[in-house]
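Take a look at the structure set out below.
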Amino acid sequence: MDGKSDVLQGTLDLMVLKTLESMGPLHGYGIARRIEQVSNDTLNLNQGTIYPALLRLQQRGWVTTEWGISENNRRAKYYSLSRLGKKQIEKETESWQRIAATMARFLATPR
Amino acid sequence: MDWLRTCWSRCVAFFGVRRLDEELDEELLEHLDLATDENLRRGMSPQDARRAALLKFGGVAQIKEDYRLQRGLPLVDELVQDVRFATRQIVRAPGFAIIAILTLGLGIGANTAVFTLTHALLLQTLPVRDPGELVRLAIDLSAVDKNGHDAPLNLPIIEAIEKQSHSVHDVFAWCVYDFPFRDGGLNSGIHGAIVSGNAFDSLGIQPAAGRLLTPADDQKGGGSDGLAAVVSYRIWVSRYHGDASVVGRHVIVTDHPVTIVGVAPEGFEGVIAAEHPDIYLPLEFQGILYGEPSKHTGARLWLDTFARLNPGVSRRQAAAEMSALFPKILDATLPPAIRHMPQIEKARFAVRPARTGWSKLRSTYTEPLLLLQLMVGAVLLICCANLSGLFLARASARRQEFAIRGALGAGRLRLIRQLFVECLMLALPGALLGVGLAWVSGPWILHMLGNVEAEEAISMRPNLTVLCVTIACAVLCALLFGMAPAWTASNTSVETALRSSNPRASVGSAGLRNFFVPFQVALSLTLVVVAALLGTTVTRLLTKQSGYRTENVIFALTDFLRIPQKDKALVSLYRRMAEQIEQRPGVEQASVSAISPFLGWRWSDEFAAVDNPKHAVPVEAMENIITAHYFSALGVPILAGRDLENSDSDRNSCILSQAAARLYFPHTSALGKTLRNVIHRPGTHDTFHDYQIVGIAADTKYDSLRETPPPIVYLPLTAGENEQTNGGSNLFIVIHARSVAIANSAYLKTLHEMAPSSPEIPPVVFSESIRDSVARERLLSVLSGFFALLGLLLSGIGIYALLAWNVTRRTTEIGVRMALGATRLKVFALVMRQVAGLLAIGVLAGGFAAFFAAHSIRSFLFEVQPGNPWVFVLSGLALVLVGLVAATLPAGRAVSIDPMQALRTE
């Protein structure tokens, strides 16, 4: 449990979007695994929580879904990034970078 | 935008729940399979792989729950659940539901009925373009006479305003009229209005057929279609069956050919509220009927005037501008005799809002209607208190159910919401029933207004506004009576409730229930006191001597403006008509009078006692102009001297009422003395006419049943100005006969013989006009009485329900007491003691509230003191009686409890 941090709702959304941007269409399990990998397992994330997040993104029109065939030759739901989602990524990335820069300035002040 | 998309997606998902759930299951299973496969590849055993996958996943049920909350409309789901549950509750206990719905139906129905009337009379905006812009222009006489109504204007004034004002435009005139009407074989009267040519343009309405009047129709001799008229939608449907051929039809109005050019839109009733004009003619018609001078005269104030505010101008600004223009306009248009009358000198210009039209009825009925709304609101509160008590009882029996729900995870808000839905499920059918009751009772309430035209013009059909208000009422009720039980229900501590062996025993709710009964009793007492005071007022008004005989007397209004007889010939015509009517079989007396008492017309003048130097200053008295037999026709005794005679020898005689005699000749007999009528003319000195007093008549009321008999001077009918009599050409023929029918036919026969060309106006029965003069009080009295009874009934039900509940709750206790030796009487006393306590508190609190209420309705009362002790005592007794009767049944049940049965029941 130490060293792992809880994931905020908004950040999970951004992580999913970025994953879809770099990996292309993926099913839910794939997204979850990829997020775990990228974060080097430092995130305290139950894989199941990805699904409500994916639903949210779907409702807002940032991802689209399609039923396809998974690696196991069974039906799986694939999520892909939409045009609106791409725009959302840009917006949120910019916002995060601004916050990070501001925080960096504060944290870098000499004692 | 995201929010909108989310909403849409949620709504769509709401309807495909089953399919979406299957898909979700499939997706999650697939996720777990993939995870398990990966774990297997890593080398775990199949069970470990599965277990690890599940652990990594998190709680499947939890995830599914979160997903569902995100996906659909959880609120709607919960609402559907609540509605289903509430329906089951209702079906299981139909008796309770029926009582609740009936109670609410009565309470809400009463509210709806009164509000419909209030809305129709006070609030409904005119169905015209931009009603907010409309204003009414009038002369405000209230500086001189506090109760004075506004005076209308005339054509010269209107034209001056149109020219000089910068704050209003599209000024138009309106005058209500009754016309004789002939169409083919049909010969009757028709109620209508003459309006300016630009009236319909200014109002901005569209015809239902044909066209509306335009300024081109308001010219001399009429417009291109001759004299044009527009008929109402109502008459188009009823008389002409909605046939488009009515456009272009030729009819005869007051002996003049008129062409119907169009039909007014549906629902349009002109600008005077509660009037229902069926035909609209241009102002020019006045000139055709009575000569051009009468249309353009500045000597008469007869045109109701409306206008539109210029854009950006407020009513106050318009009023300010009008006040500045006022004196000059009046100087230029009114003849000096009128211009310098004291009322006109001190008058101001009024610019009143006209979005709801204008009506005299409004000023009479605003306060009574507000009072009725308050009373009906009180009835509704009593209903809610009743239901709240009943609900509390039921809620306390369901404590275990609420405890279990709480244990399963229902939040406090969720429980409250569920109870609220249950209340709403009763309130809405109650509201529906209420609307139905209001619809049915509407026409009857309208009849009580005592105004025939209002009855036909006001539609008591609940319209959209009223329905919305009713539903809001119902929701408010549900909130009110559901709040208390909901609060106590959600307050239950889970543990104590689940552990308690007796689910019916409740502690907290008893306190609240003990509040409702005194509350209801207090409100009921207030209602009863108010109703009793109002009822006494009406009785006193109607039974107090007015001074007149009221049975079998009619007043027939004549319109002799256009007949050939003028001046002395007109005077002689009136006299001969009265004499001829008197000759007819069945007629006792007939006379002529300038005013009809209690119709609201006042005629006053200044007189001075010539022989009494102390009273040389002219003093105002009421006046009437009469011929012989006036007093005997109305049953007014002549106390001294004699009646007037129908001959010129009496043209300088007059008769005083007792009060007038006392006023002008306080220490001597007035008989034989001279009374001077002082006539003010500005510019010249006053003229006067001396009369010799030949008789003194008993006091009578003049104008209203509420007043003390004023001093009245009766002058003889003689020739006057403008070729008319000194009382004008619209005098009343007063007839006392053996029956009203005989009087009516005698009048009509004589009218046809002696003045066949004058319009036939239906006579008014005197007793009815007296009754109508207190229509307002009658309406108040009857309705308040009804509401008071309703309040009593509901309070009785409330007391009964409370006691029945208590007895049921305490069955075990009572059984134990009886087993231990308590007599039946002691048990009875035990039960009644509780009621007595609550009744006492309620009556006491109610007494204070009633006292306060009685004082605030002081202005409606007549010869009844608001603090009249008899009224309070009797009302209090009535309530105590109702309470005791209501309590007897449950008390009787308590007394007949079998101890052994009670001890065995839990």
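Surface composition of region B:783-863: carbon and sulfur atoms hold 73% of the protein heavy-atom accessible area at a 1.4 Å probe. What region B:817-906 shows is 59 Å² of accessible area per residue, with the surface traced by a 1.4 Å probe over protein heavy atoms. In the protein assembly as shown, a dipole from Cβ-located charges (positive for Lys and Arg, negative for Asp and Glu) runs towards its positive end, and of B:G223, B:I735, A:G85 it is A:G85 whose Cα lies farthest in that direction.
With contacts taken as Cα pairs under 8 Å at a separation of at least 6 residues, chain A carries a relative contact order of 28 percent.
Report which residues of region B:1-17 become buried by 20 Å² or more of accessible surface when going from the isolated chain to the complete set of protein chains (1.4 Å probe; DNA, RNA and ligands ignored). Those residues are B:D2, B:R5, B:T6, B:S9. Straight-line reach from B:K544: taking Cα to Cα under 25 Å and skipping same-chain neighbours fewer than 8 places apart, the lysines in range are B:K701. Only helices enter this figure: runs of n ≥ 4 DSSP H residues, each worth -39500 (n - 2.57), summed and divided by the residues of chain B, yield -17500 deg cm²/dmol at 222 nm to the nearest 500.
Chains A and B together bury roughly 2500 Å² of accessible area, counting both sides, with a 1.4 Å probe on protein heavy atoms only. Estimated from helical segments only, the mean residue ellipticity of chain A at 222 nm is -18500 deg cm²/dmol, where each DSSP H run of four or more residues counts as -39500 (n - 2.57). Our estimate of slack between B:R651 and B:R316, defined as 0.36 nm per intervening residue step minus the Cα-Cα distance, is 115.5 nm.
Its relative contact order, with pairs defined as Cα atoms under 8 Å and 6+ residues apart, puts chain B at 14 percent.
Modelled label positions at B:L55 and B:A332, each set 7 Å beyond Cα in the direction of Cβ, lie 10.2 nm from each other.
Note on B:K568: no lysines have a C-alpha under 16 Å away, same-chain residues under 8 apart excluded.
Sequentially through region B:667-679, phi angles give Karplus couplings (6.51, -1.76, 1.60; θ = phi - 60°) of 10, 10, 6, 7, 4, x, 7, 10, 10, 9, 8, 8, 10 Hz, Gly and Pro residues having no value and appearing as x. Taking the protein assembly as shown, how much of its Cα-Cα pair set, in percent, is spaced more than 50 angstrom apart? So the portion of pairs separated by more than 50 Å is 49 percent.
Compute the length gained on full extension between B:S572 and B:I638: take 0.36 nm times their separation in residues and subtract their Cα-Cα distance, giving the result in nm to one decimal. Kindly include the intermediate steps, with their values, before the conclusion.
Numbers: separation 66, 0.36 × 66 = 23.76 nm, distance 2.45 nm.
Length difference between fully extended and current span is 21.3 nm.
The A:T11 and B:L467 beta-carbon pair, evaluated with R₀ = 56 Å, returns a calculated FRET efficiency of approximately 0.65.
Report, in whole Å, the centroid distance computed from the Cα atoms of region B:843-906 and region B:277-315. When both Cα centres are located, 58 Å separates them.
Applying a length cut-off of 30 Å (Cα extent along the axis) and a mean Kyte-Doolittle floor of 0.5 to the DSSP H helices of chain B leaves B:94-118, B:360-397, B:412-447, B:464-490, B:508-543, B:775-809, B:824-856, B:869-895. Length gained on full extension, B:D225 to B:L844: 215.5 nm, using 0.36 nm per residue less the C-alpha separation. At a Förster radius of 51 Å, what calculated FRET efficiency corresponds to the Cβ-Cβ distance of B:E367 and B:R738, to the nearest 0.05? The formula returns an efficiency of 0.80 here.
Can you give me the relative contact order of region B:292-363 as a percent, contacts being Cα pairs under 8 Å and 6 or more apart?
Working: 27 pairs, mean separation 27.1, N = 72.
Taking the mean separation of contacting Cα pairs over the length of region B:292-363, I get 38 percent.
Would you mind checking region A:28-70 for residues with the amide N under 18 Å from a putative spin-label position 7 Å along Cα→C-beta of B:R10? Counting only backbone N, you get A:52-62.
Just tell me how shielded A:53-65 is by partners: mean number of partner chain Cβ atoms within 10 Å of each residue's Cβ, no decimals.
The shielding value for this peptide is 4.
Quick one: which of A:K86/B:K64; A:K18/A:K91; B:K220/B:K295 span more than 18 angstrom between C-alpha atoms?
On the way: A:K86/B:K64 28 Å; A:K18/A:K91 12 Å; B:K220/B:K295 11 Å.
Pairs exceeding the cut-off: A:K86/B:K64.
I'd like the distance between the alpha-carbon centres of region B:12-69 and region B:105-127, rounded to an integer number of Å. Region B:12-69 and region B:105-127 have Cα centres spaced 60 Å from each other.
Counting only Cβ charges, +1 for Lys and Arg and -1 for Asp and Glu, the dipole size of the protein assembly as shown around its Cα centre is about 4240 debye.
The values are calculated or read from the model by the stated rules, or taken from the named source; none is laboratory data. Note that the structure is predicted; figures quoted are calculated from it, not measured. Note that we place each Cβ from the backbone using ideal geometry, even for glycine, and neighbour counts take in every protein chain shown. Heads up: the accessible areas ignore ligands, DNA and RNA and are worked out on the full protein's heavy atoms, side chains in. Shrake-Rupley method; radii C 1.70, N 1.55, O 1.52, S 1.80 Å.
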